[in-house]
Amino acid sequence: MRADDGEARERRTGESALLVVDVQRDFLPGGALPVRDGDRVIAPLNRCLARFAHERRPVFLTRDWHPVDHCSFVARGGPWPVHCVAGTAGAAFADGLQLPPDAVVVSKGCLAEVDAYSGFGGTDLAQRLRPRGIRRLVVGGVATDYCVLQTVLDARRLEIEVRVMTDAIAAVDVNPGDGQDALQRMSQAGAALVTSDEVLSSPL
Ligand code: VGL
Ligand code: ZN
């Protein structure tokens, strides 16, 4: 690999990548579908973003990216208020998130008739990980009980090693305990529940 060609250095292939799930304005306090304490994910994720950048590990970001008439919206008989409409301010990544310029953005929920909580649902995320040899994901974001949960379960089905950072996620908790149940389901599926400090103090 060229060490210094005056260009941004290429991200290394193999092993770990960081996967930041749906850290968008609409899911944070003040947004259209706010996750309580959603803001708490920003600081630990920024520390991880810096570490992954420093080690030139790849960073993937999923985003909810809905058409205005998406089937998950109340007006269409779905469970959610209008949120994360593609191209709107609410669909933008959270202001405080310090994103590397070469982060790979994966949009999901883009089709009006299909909802997809998982970052692997109807996207090319799996195909983007494979050629880079990525077999381990460090995961944070929102919401613990929806998109984080389903993304992690799909990653485990793909036999990807997963570390979920419990201080870098936040739950919707439509029913009290949903976030806790999600943690248990992810753990049962073989995901390691860790803190961001544990990730930061261990080899990627
Ligand atoms: C999500 C509800 C609706 C999520 C997305 O990102 O967890 N939750 N759409
Ligand atoms: Zn959505």
Inset, instruction - May I ask you to verify whether residue 123 is more than 23 Å from residue 34 (Cα to Cα) and under 14 Å from the mean Cα position of the chain (by Cα)? - result: yes
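Might you let me know whether region 103-113 holds any residue that is open to solvent by less than 10 Å² (accessible area, probe 1.4 Å), touching a helix residue (DSSP H, G or I) at 6+ places or on another chain (Cβ under 7 Å), within 25 Å of residue 163 (Cβ to Cβ) and touching a residue at least 24 places away in the same chain (Cβ under 8 Å)? Give the derivation first.
Going through region 103-113, the residues open to solvent by less than 10 Å² (accessible area, probe 1.4 Å) turn out to be 106, 108-109.
With the extra rule that they be touching a helix residue (DSSP H, G or I) at 6+ places or on another chain (Cβ under 7 Å), the set shrinks to 106.
Add one more test, that the residue is within 25 Å of residue 163 (Cβ to Cβ), and what stays is 106.
Checking which are touching a residue at least 24 places away in the same chain (Cβ under 8 Å) leaves us with 106.
The answer is yes; a qualifying residue exists.
Looking only at region 141-158, decide whether some residue is in a loop (DSSP other than H, G, I, E, B) and on the phi > 0 side of the Ramachandran plot.
The first filter runs over region 141-158 and keeps only residues in a loop (DSSP other than H, G, I, E, B), leaving 143, 158.
Narrowing the set further to residues that are on the phi > 0 side of the Ramachandran plot leaves none.
Checking region 141-158: not a single residue is in a loop (DSSP other than H, G, I, E, B) and on the phi > 0 side of the Ramachandran plot.
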Legend entry - Residue count for region 61-85, restricted to those that are more than 13 Å from ligand 1 (Cβ to nearest atom) and of a type in the set (A, V, I, L, M, F, W, C): 2
Inset, instruction - Filter region 19-52 for residues that are among the polar types (S, T, N, Q) and open to solvent by less than 20 Å² (accessible area, probe 1.4 Å) and give the result. - result: 24
Inset, instruction - Filter region 153-171 down to residues that are over 15 Å from the mean Cα position of the chain (by Cα) and in contact (Cβ under 8 Å) with a residue 40 or more places away in the chain, then give me how many there are. - result: 0
Inset, instruction - Considering only region 67-87, state which residues are in contact with a helix residue (DSSP H, G or I) (Cβ under 8 Å, 6 or more places away or on another chain) and not aliphatic (A, V, I, L, M). - result: 69, 70, 80, 81, 83, 84
Inset, instruction - Provide a single number: the residues in region 132-147 that are more than 16 Å from ligand 2 (Cβ to nearest atom) and either free of Cβ contacts under 8 Å to residues at least 60 places away in the same chain or under 11 Å from the mean Cα position of the chain (by Cα) (or both). - result: 4
Inset, instruction - Please find, among 128, 132, the residue that is away from ligand 1 (no atom under 14 Å from the Cβ) and modelled with pLDDT under 95. - result: 132
Legend entry - Check on residue 150, open to solvent by 20 Å² or more (accessible area, probe 1.4 Å), within 12 Å of ligand 1 (Cβ to nearest atom), within 25 Å of residue 198 (Cα to Cα) and under 16 Å from the mean Cα position of the chain (by Cα): yes
Inset, instruction - Please identify the pairs in which a residue from region 24-47 that is more than 23 Å from residue 194 (Cα to Cα) and assigned to a loop (DSSP other than H, G, I, E, B) has its Cβ atom under 7 Å from the Cβ atom of a residue that is open to solvent by 40 Å² or more (accessible area, probe 1.4 Å) and within 16 Å of ligand 2 (Cβ to nearest atom), counting only partners at least 6 apart or on another chain. - result: 31/25; 32/81; 32/82; 33/81
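Consider residue 118 carefully, then state whether it is assigned to a strand (DSSP E or B), at pLDDT 95 or above and either open to solvent by less than 20 Å² (accessible area, probe 1.4 Å) or more than 21 Å from residue 48 (Cβ to Cβ) (or both).
Numbers: assigned to a strand (DSSP E or B): no; at pLDDT 95 or above: yes; either open to solvent by less than 20 Å² (accessible area, probe 1.4 Å) or more than 21 Å from residue 48 (Cβ to Cβ) (or both): yes.
The answer is no for residue 118.
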Inset, instruction - Using the structure shown, decide if residue 43 is more than 15 Å from residue 142 (Cβ to Cβ), more than 11 Å from ligand 1 (Cβ to nearest atom) and hydrophobic (A, V, I, L, M, F, W, C). - result: no
Inset, instruction - Select from region 55-96 the residues that are buried (at least 20 other Cβ atoms within 10 Å of the Cβ) and more than 12 Å from ligand 2 (Cβ to nearest atom) and list them in ascending order. - result: 57, 58, 59, 60, 61, 94
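The values are calculated or read from the model by the stated rules, or taken from the named source; none is laboratory data. A quick note: this is a predicted structure, and the numbers were derived from the prediction, not measured. A quick note on method: Cβ atoms are made from the backbone with ideal geometry, for glycine too, and the neighbour counts reach across all protein chains shown. Surface accessibility is based on the protein's heavy atoms, side chains included, excluding ligands, DNA and RNA. Shrake-Rupley method; radii C 1.70, N 1.55, O 1.52, S 1.80 Å.
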